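Working notes, beginning with the structure itself.
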């Protein structure tokens, strides 16, 4: 049996680590993190009575030092609710040096968090971070503040917006009862691209809202989407095959896996080849073109690895993308072939038919106009809500 029926830790929020250079470039031109406090806000999916934070230097080229860190319930505008502040320690010490290539967990602290609570995480960096492990983009505003401001109850006027999730990758809770984590691995449509920032409108976050209101055994959701990610090749983030053990199978309290990946493998492989702006974009995606059979084989690999851990594996079909710059009829044929296998191949415990939810009945190769953000590729808030609403919650027990 997996999960936390014996009272263990469960991941309630996650963001897959990336290199600053292997993301969307949001840190390009941003000042180095040196002698500053980072204050970032995350929304947990399920609640609990104790909290620990996973900090990350997994793509760092050198160690960095956390001089001090705190958590507390967030209030709008970057503040912390009085009385909820908790000092984080590391093996009892107020600070820690995080080795290059490694994550580090804080010691647990007692803090009662309800489901869907917003948690403020502050960490002071007394020295320079040579290479920032991050998640790009953030989709929830964070800030840098000069000096040690971890104890500041309100956001100082000197704060500047931080454009990425920097140096944090997970929040884990000790729940009050049995709970398990649903981990979603995907690309920008999972990450929430096109949704309203600071509103928690990605479909995994909206799924978490539905699960939180269900009243049954707790199910948390960890969103491990990376914008631009592929199943088989690195590019924007390491490939799903390469990061699957770290981002998914190592999740505390893992109970279910949802695969929502492969769209970029298809889109990039069959994209138009020319010397225009699209050519520069495609340079971010190295490697030979992939076939539908390649993508199917990649899915089978992830299924086998998840089943070795004894967890059910679900998959989403690939939503339409005609109208986007990377669209070609050949890519559409490959998408249809991949979806046919996802629906009928019998590889998964269940299929979430996102293609059926988003496609325009009058032109099934396109997303409905009221469901995309204007680029014919990514959802808007209504589109992601429709995906979340289409999911049968009974799949998760």
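Here are the numbers for the structure shown:
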{"item": "Leading residue by the ranking (nearest to residue 17 (Cα to Cα)) among those in the stretch 216-228 that are at pLDDT 95 or above and in a loop (DSSP other than H, G, I, E, B)", "result": "226"}
{"item": "Test: residue in the stretch 49-58 that is modelled with pLDDT of 95 or more, in contact with a strand residue (DSSP E or B) (Cβ under 6 Å, 6 or more places away or on another chain), in a loop (DSSP other than H, G, I, E, B) and under 20 Å from residue 139 (Cβ atoms)", "result": "no"}
{"item": "Residue match in the stretch 328-337 (condition: assigned by TED's automatic domain parsing to the domain that holds residue 255, out of contact with any helix residue (DSSP H, G or I) (no Cβ under 8 Å at 6 or more places or on another chain) and not in a helix (DSSP H, G or I))", "result": "yes"}
{"item": "Residue in the stretch 137-144 that is at pLDDT 95 or above, more than 24 Å from the chain's Cα centre (by Cα) and in a strand (DSSP E or B) present", "result": "no"}
{"item": "Unique residue being at positive phi and surrounded by fewer than 19 Cβ atoms within 10 Å (Cβ to Cβ) when the list is 148, 198", "result": "198"}
{"item": "Test for residue 251: is it in contact with a strand residue (DSSP E or B) (Cβ under 6 Å, 6 or more places away or on another chain) and in a helix (DSSP H, G or I)", "result": "no"}
{"item": "Tally of residues being farther than 26 Å from residue 352 by Cα and touching a residue at least 12 places away in the same chain (Cβ under 8 Å) across the stretch 282-320", "result": "6"}
{"item": "Unmet criterion (only one of (1) closer than 14 Å to residue 263 by Cα; (2) in contact with a strand residue (DSSP E or B) (Cβ under 8 Å, 6 or more places away or on another chain); (3) outside any loop (DSSP other than H, G, I, E, B)) for residue 343", "result": "(1)"}
{"item": "Single match in 259, 211, 231 (criterion: over 17 Å from residue 316 (Cα atoms), touching a helix residue (DSSP H, G or I) at 6+ places or on another chain (Cβ under 9 Å) and either in contact (Cβ under 8 Å) with a residue 12 or more places away in the chain or assigned to a helix (DSSP H, G or I) (or both))", "result": "211"}
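The values are calculated or read from the model by the stated rules, or taken from the named source; none is laboratory data. Just so you know, these numbers come straight off a predicted model, no measurement behind them. Reconstructed Cβ throughout: ideal geometry from the backbone, glycine too, with neighbour counts over all protein chains shown.
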